[in-house]
Every structure is written in structure tokens, then in C-alpha cells.
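Below is one structure, written out as C-alpha cells, with a few remarks after it.
The values are calculated or read from the model by the stated rules, or taken from the named source; none is laboratory data. Note that the structure is predicted; figures quoted are calculated from it, not measured. Note that we place each Cβ from the backbone using ideal geometry, even for glycine, and neighbour counts take in every protein chain shown. In case anyone asks, the SASA skips ligands and DNA or RNA and just uses the protein heavy atoms, side chains included. Shrake-Rupley method; radii C 1.70, N 1.55, O 1.52, S 1.80 Å.
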Amino acid sequence: MLFRARSGTFLTFALAGLLTGVWVARMPALAGKFGTNEGEIGIVVLIWGLGAIVAMQVLRGVMARAGSRSVLRVALPLTALSYAGVALAPTYGLLLAAVALFGMTFGITDIAMNAQGSVVEQAYRRSIMSGMHAGWCVGAMTGGLYGVATAAAGLGFTATVLIAALAAVPLGLLLGRTYLPDTYPVDSGAVPAAELPAASGTGRAARRLPAAVYLIGVLAFIAFMTEGSIADWSGLLLHDELHASQALAALGYPMFELAMLFGRLVGDRVRMRLGTRRLLTGAGIGTALGMTAVVLAPSAPVAIAGFFVTGLVVCTVVPTTISLAGTAAPGRPAAAVAQVGAMGYGGLLLGPVVVGFLSDATSLRVGVGVVVVLALLIAAGARLLPLRSFADVSAHSPEAAVAAAEVPAPASGAPSGATGDDPNGTRPQPVAA
């Protein structure tokens, strides 16, 4: 059952990534369909992102009450249907309305699949979130290749997106049968998450998320801001500053995504070996070094190599923050993941804007160079995170990890010495399912 749930969640990430990959790859065809300029396409992308953020924030309480499985079973097929609406929109005004709906359903799917990934991860009692996000990379690359193939075959935006949407509807319904309930027990002797100690108090105080969730959200904001800046500006940097051909300039982002895929495939094992704090610190420093090479590159091949190195190390930050969110609010993992996801999407929208503003005021190299500063903030922020994950037990003491997996979780409260944040991440922490 666990393997089926893990496979189903991986494929959910892949399906969401595929829809996004097709959307990005055929953006020029969308502009051609409506005769829009770059500014109008920018509005389309902005509305999509704002729709996702609004849905994440507004429905955070619904996620907490209904659970990720129930929400995801509805949200994923609805996302595919709203995607079909984007394909069939006959005018630019209706396109904006369809994109807003697509952004909202996609945002709900995004937080629900991440929350479901957290449920599966806690059931496994080891880090697997990075592998889940590798599914996103596989889907995004597949969607991009599908977009290239349909463009070569002469299919327009409507036909391309509609085919993908109609194929995604039954897939979304089938995947709904694989998800775990949010109260799935951590092991045979563990208690469901619903019986774990939750925030004390009643009313608004009980619904308030711990401060740790917002700290994790800040790191997610920075990480998404970094990824978004590279995605939107890598091609222009290579073409305008390093005078690469359009074909060579287009290679920068695919190389970044390919490296992200490679890194995420091994990211969970690295986290289990090093621990969360060392992983994030290393990722921040590595990203800063990779982007320094990009900014100072004398030629396009050197810059592309820098993008590859950056993707290889930055790829673990987002899944790690989502994983941490799932354990930061015991009994409320879905709400915590929703909050961190919404903050992350804010960075995804803001990053390219900041880079564009700095590039206009100075140069594109300086604008992209802001990513170096963001990466150092990730490394510094890792020192402030409270750690409650199973990965941080096993990273420092494999024997303790085995013992933690064999001993049932406490039904209420926690024994002395097993709660609170340990700066070194060496004490077992209660793990929410």
C-alpha cells in the first residue's frame, strides 16, 4: 500500500509538471493565437500565479479539515478540466478568466500533492520528498518535449493543450485511488496524526500555525524566487550578454532542469546522510558559487555549466522546505504545507520582477547576480530552522533512527528530552503522519 501511494504521488507530481511544461513550451503559440505582446502575456502569467496564491491561502482551512487525500482527489481532475478551458478560450478576456481558474485549481493541487507527499514521507519514516519533486522535473521535461513535437507537427495552442487536458482527466481520477489518508499510521504501533498532540488552546489561537512554519516559508520564498529568476532570465542573459545564438541560449534552462532532476533523484539519500541543516547550508553555498560562475562567465558554455551546477544543488531546497512544513505543525500538516507553498509561490512571482528591475537599472549580469545573494540567505537561514524530521535523527545516529522506527509514537505529550528543537538535530523528534 505504501509503495502504491508513493508511486501515485510521484505520478501526480509528474502530471502537474507535464501540464506546466506544455503551458510554458507553447507560450509563443498562445501569443500568436491572440496576437498579444510580451506585456499581455506577462499579465496572463501573473494572473495564473495570483490565482494559485489566493487559492492556497483561502483554502488552507479546508485542507486542514478535509485532508490532502480528499482535496487532491477533487482538485487534480478539476485542474485538468480548467486546463481545457484555457485551451478553448475564444478571446483574450475569457482567456484571463480561464487562466485565473486554472491557477486556482492548480494551486490547490500543488499544496494538496505536497501535503500528500508529506503523509507518505512520514509513513516511510525517511526522506522521500526530493524524489517526489523529481517527478515534477520528469513531467515538466516531458511536457516540454510534447510541446516541441506538437509545434513541429503544426498543431496550434488550442489542439496541443486540449489533448493534454483530456488525457489528464482520467489519469487524475485513477491516481486518486492511490492516496493515503492524512491519519495513516507511521508504523504498526504508531498512532494516527489526528491523535498526536496539536496546538493548545481553542478558537483562533488553536488555528494559528507555529512561527516555525513562517520561517520555513521564508526559505521557500527565497528558493522559489531563485528558481523563477533563473527560469525567466537565463535565456536572455546568454543571448544578450554573452551573444549566444538563440538555439544555444535556449539550452540554458533545459540544462538547469536536467540538473535539477539528477539532484532530486539522489537528494533524499544525501539528506539522510548529512541531515537537513547541512544539506540546506551546502545547497545555499553551492548555488551561490554556481551563479557566481554564471554572472562572471566569459562565454556561453561556461555560463551553461554554471546553470547546471546551480540546478544540481538548489534542487533540494524546495522539497526540503515542504518536508519540514509537514512536521512543523503536528496534527496540521496540510495547513502548514499550504502556507509554505503560498509563500513560495510569492517568491516565484516576485523573483523575475526584481531581476528585471535591477537589469533595467544596471545590467542583466547584475540583475541575475541577485540570485547569489538569495542563495547565501538560504545558507544563513538554515541555521535558524527548528528540525523535527526523521532525516535529522538518522543523519546523526543510524541506531537512533532504527530505534525510532521500531518504537510506537507517544499517544499524547512527549517524553522529557524528546521535544523542542535541538540545534544539532541529534535528538529524535515526534513525527506527524
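The residue that is nearest to Ala14 (Cα to Cα), counting only those in segment 138-153 that are of a type in the set (Gly, Ala, Ser) and either crowded, with 19+ Cβ neighbours inside 10 Å or touching a Cys at 6+ places or on another chain (Cβ under 6 Å) (or both), is Gly139.
The requirement of being of a type in the set (A, V, I, L, M, F, W, C), out of contact with any Ser or Thr (no Cβ under 6 Å at 6 or more places or on another chain) and modelled with pLDDT under 85 is not satisfied by Leu358.
Okay, residues lined up against (1) within 23 Å of Leu18 (Cβ to Cβ); (2) modelled with pLDDT of 90 or more; (3) in a helix (DSSP H, G or I):
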{"residue": "Leu236", "(1), (2), (3)": "no, no, yes"}
{"residue": "Leu248", "(1), (2), (3)": "no, no, yes"}
{"residue": "Leu261", "(1), (2), (3)": "yes, yes, yes"}
{"residue": "Ala283", "(1), (2), (3)": "no, yes, yes"}
{"residue": "Gly286", "(1), (2), (3)": "no, yes, yes"}
{"residue": "Val294", "(1), (2), (3)": "no, yes, yes"}
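The combined condition, being under 23 Å from Ala167 (Cβ atoms) and surrounded by 15 or more Cβ atoms within 10 Å (Cβ to Cβ), is not fulfilled by Leu50. Summed over segment 353-364, residues that are open to solvent by 60 Å² or more (accessible area, probe 1.4 Å) and more than 15 Å from Phe221 (Cβ to Cβ) total 4. Scanning segment 296-320 for residues that are in a helix (DSSP H, G or I), open to solvent by less than 10 Å² (accessible area, probe 1.4 Å) and of a type outside the set (Phe, Trp, Tyr) yields Ala300, Ala303, Gly306, Thr310, Gly311, Val314, Val317, Val318, Pro319, Thr320. Of all residues in segment 370-391, one or more are open to solvent by less than 20 Å² (accessible area, probe 1.4 Å), modelled with pLDDT under 85 and part of a helix (DSSP H, G or I).
Could you tell me whether Tyr214 is surrounded by fewer than 18 Cβ atoms within 10 Å (Cβ to Cβ), in contact (Cβ under 8 Å) with a residue 24 or more places away in the chain and closer than 30 Å to Ala338 by Cβ? Considered against the rule, which asks whether it is surrounded by fewer than 18 Cβ atoms within 10 Å (Cβ to Cβ), in contact (Cβ under 8 Å) with a residue 24 or more places away in the chain and closer than 30 Å to Ala338 by Cβ, Tyr214 comes out as yes. On the given criteria, is Ser188 farther than 20 Å from Ala115 by Cβ, modelled with pLDDT of 80 or more, open to solvent by 30 Å² or more (accessible area, probe 1.4 Å) and over 26 Å from the mean Cα position of the chain (by Cα)? Considered against the rule, which asks whether it is farther than 20 Å from Ala115 by Cβ, modelled with pLDDT of 80 or more, open to solvent by 30 Å² or more (accessible area, probe 1.4 Å) and over 26 Å from the mean Cα position of the chain (by Cα), Ser188 comes out as no.
Quick one: would you say Ala247 is under 19 Å from Gly235 (Cβ atoms), open to solvent by 20 Å² or more (accessible area, probe 1.4 Å) and aliphatic (A, V, I, L, M)? For Ala247, the condition - under 19 Å from Gly235 (Cβ atoms), open to solvent by 20 Å² or more (accessible area, probe 1.4 Å) and aliphatic (A, V, I, L, M) - is met.
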